[in-house]
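Engineer: Okay, here's the structure, questions in a sec.
The values are calculated or read from the model by the stated rules, or taken from the named source; none is laboratory data. Please read these numbers as outputs of a predicted model, since none were measured by experiment. Cβ atoms come from the backbone with ideal geometry, glycine included; neighbour counts cover every protein chain shown.
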Amino acid sequence: MLQEKSLNEALATISLRSIDGQETYPAGQVRYLSDSGALLDVWHDLDTLRSQVSRALFDQRVRSAPGPQVDPVTASGVWRYRELILPAPTHTIISRPEGNTPLYEHPCLSEWVGVDQLYLKHEGENPTGSFKDRGMTVGVTQAMIMSAQAVACASTGNTSASMAAYAARAGLPAFIFIPAGKIAAGKLAQALAYGAHTLQINGDFDDAMRLVQQVCNELGIYLLNSLNPFRLEGQKSIVFEILQGFNWQPPDWIVLPGGNLGNTAAFGKALYEAHELGLINTLPRLATIQAEGASPFYQSSLTGFSERKSVKAHTIATAISIGNPVSYERAVRALRWTNGVTISVTDEEIMNAKALIDSTGIGCEPASGASVAGARKLVDNGTIASDETVVGILTGNLLKDPTATVDYHTGNWPNAKLANRPIVLEPTLSAVQKEIEKRLARAH
Ligand code: F0G
């Protein structure tokens, strides 16, 4: 149990505010929606923060070498920005540590997309292999500050893997709700291994999401889906790290996959705040890429967001197979704030983009392929100019979904342009030699 002083210290400078700004609640209240049912933001007092944070403060916290004593403010790419995220006392923080992910480049990829400068921020290189760790370190820290008895989430796999790990670190019981048979093997393995109570629901993600909200409200379990605004505060650090990585001279575009739209929402808020605080002078544009079979946000955009669509979702990119995204309104706001766009790409485009990313040695899970496939499409249709700088987000690790990758390469996928089929050979030197010589001749 945390001391009263720590609690006050952590929560005094922030509040919970409805997205329309009409309703405000203390940050120490457990709630996920306003009384009138609106989404909530963690609201920082930007006027006070303006005198407290600066580029220099964050630059001085970048640590050069890891040591045995982990101080999250210098070791974590989330808590480096703690004033802008959650001003939790250091001793309350549950960190792996996360963040500090690389920005990769490869000429093959920029050429394929059609821009001079393409960078890929690899969030799959977080401790549990996805960007969710950035939100979860904050969500689980907040759960501890609030003395939660247990935590829960619905998930297409990555949120549950991350929550299971962070809850285990914190010693909290974790309940995860997953759509039976619809999450990738690597993610299910993580949830089981980290000891989460794993409830497989006969339904899809949207059913599991509805159910977990009811369960959390009835049983007083702390909800750690991105409906919880503290999760999104952590995910803002992806943007802060990009901005800092570019020496606070922002790229022109940030392109990311969209499912439940938590990241789109978090990115918009991060950019808005960084701009308001004078950390950056220009705003990058956001591009949210959906899978064609799970594209309610894109379809809503075709009505200028005057009509909110929902769909029965189906895509090979199971991470983003979501038909009724929870952060819809926050994501609409993010596109408005950043003059952003949204489009959809086919599963075939996603898998071919993923195969190209994989072949450069970078690698990612299918949903992440949407960033690169989407960037290419936006260049093709003239939205992104070839001389603009683009940062694509790779949201999850290659190892998360071995089945999709193996199916692509072994012939179970139509139009697999980059399939790298395994070779079946007799166990003799001559057979192997013949094959290797043939392949080397082709390679030169
Ligand atoms: N990429 C990956 C690898 C994801 O796991 C997710 C979401 C997304 C993209 C989409 O991000 O929801 O913020 O728009 N996965 C969630 C989960 C839904 O349960 O793991 P979003």
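Engineer: Look at region 253-296 and say how many of its residues are closer than 17 Å to A373 by Cα and among the hydrophobic types (A, V, I, L, M, F, W, C).
Structural biologist: Counting residues in region 253-296 that are closer than 17 Å to A373 by Cα and among the hydrophobic types (A, V, I, L, M, F, W, C) gives 9.
Engineer: Being at positive phi, small (G, A, S) and either modelled with pLDDT of 95 or more or away from the ligand (no atom under 14 Å from the Cβ) (or both) narrows it down to one residue among G361, G340; which is it?
Structural biologist: Only one candidate passes the filter, namely G361.
Engineer: Can you name the residue in region 248-257 that is closer than 22 Å to F131 by Cα and more than 13 Å from the ligand (Cβ to nearest atom) and is also surrounded by the most Cβ atoms within 10 Å (Cβ to Cβ) among such residues?
Structural biologist: Ranking the candidates gives I254 first.
Engineer: Before we move on, is V138 of a type in the set (V, I, T), farther than 30 Å from T360 by Cα and touching an Asp or Glu at 6+ places or on another chain (Cβ under 8 Å)?
Structural biologist: Yes: the conditions hold for V138.
Engineer: Across region 397-416, what is the total count of residues that are within 16 Å of the ligand (Cβ to nearest atom) and in a loop (DSSP other than H, G, I, E, B)?
Structural biologist: 2
Engineer: Quick check: anything in region 363-371 in contact with a Cys (Cβ under 9 Å, 6 or more places away or on another chain) and closer than 16 Å to A319 by Cβ?
Structural biologist: Yes, some residue in region 363-371 is in contact with a Cys (Cβ under 9 Å, 6 or more places away or on another chain) and closer than 16 Å to A319 by Cβ.
Engineer: Same structure again: Kindly indicate whether any position in region 182-201 is touching a Phe, Trp or Tyr at 6+ places or on another chain (Cβ under 7 Å), at pLDDT 95 or above, within 30 Å of N381 (Cβ to Cβ) and within 15 Å of the ligand (Cβ to nearest atom).
Structural biologist: no
Engineer: Take the residues in region 308-325 that are of a type in the set (S, T, Y) and part of a loop (DSSP other than H, G, I, E, B); name whichever of them is farthest from T403 (Cα to Cα).
Structural biologist: S310
Engineer: Another one. Residues of region 193-206 being buried (at least 16 other Cβ atoms within 10 Å of the Cβ) and assigned to a helix (DSSP H, G or I), which ones?
Structural biologist: Of everything in region 193-206, those that are buried (at least 16 other Cβ atoms within 10 Å of the Cβ) and assigned to a helix (DSSP H, G or I) turn out to be F205, D206.
Engineer: While we're on this one: Just to be sure before I move on: is E329 among the acidic types (D, E), in contact with a helix residue (DSSP H, G or I) (Cβ under 7 Å, 6 or more places away or on another chain) and over 22 Å from I178 (Cβ atoms) in the structure I sent?
Structural biologist: no
Engineer: Spot the failing condition for S359; the list is (1) over 30 Å from L188 (Cβ atoms); (2) surrounded by fewer than 24 Cβ atoms within 10 Å (Cβ to Cβ); (3) touching a residue at least 60 places away in the same chain (Cβ under 8 Å), and only one is missed.
Structural biologist: (1)
Engineer: Looking at (1) in contact with an Asp or Glu (Cβ under 9 Å, 6 or more places away or on another chain); (2) farther than 20 Å from L11 by Cβ; (3) among the hydrophobic types (A, V, I, L, M, F, W, C), which is the one condition that is false for V212?
Structural biologist: Every condition holds for V212 apart from (1).
Engineer: Let me ask you something else. Cβ-Cβ distance below 8 Å, separation of 6 or more or different chains: which pairs start in region 142-171 with a residue that is of a type in the set (D, E, K, R) and end on one that is more than 8 Å from the ligand (Cβ to nearest atom) and modelled with pLDDT of 95 or more?
Structural biologist: Sorted first by the residue in region 142-171, then by its partner, the pairs are R169/I94; R169/V140.
Engineer: Taking the condition of being buried (at least 24 other Cβ atoms within 10 Å of the Cβ), of a type outside the set (S, T, N, Q) and not in a helix (DSSP H, G or I), how many residues in region 258-307 meet it?
Structural biologist: The qualifying residues number 8.
Engineer: Would you pick out the residues in region 380-396 that are in contact with a helix residue (DSSP H, G or I) (Cβ under 6 Å, 6 or more places away or on another chain) and more than 16 Å from the ligand (Cβ to nearest atom)?
Structural biologist: Once the filter is applied, which keeps residues that are in contact with a helix residue (DSSP H, G or I) (Cβ under 6 Å, 6 or more places away or on another chain) and more than 16 Å from the ligand (Cβ to nearest atom), region 380-396 yields I384, V390.
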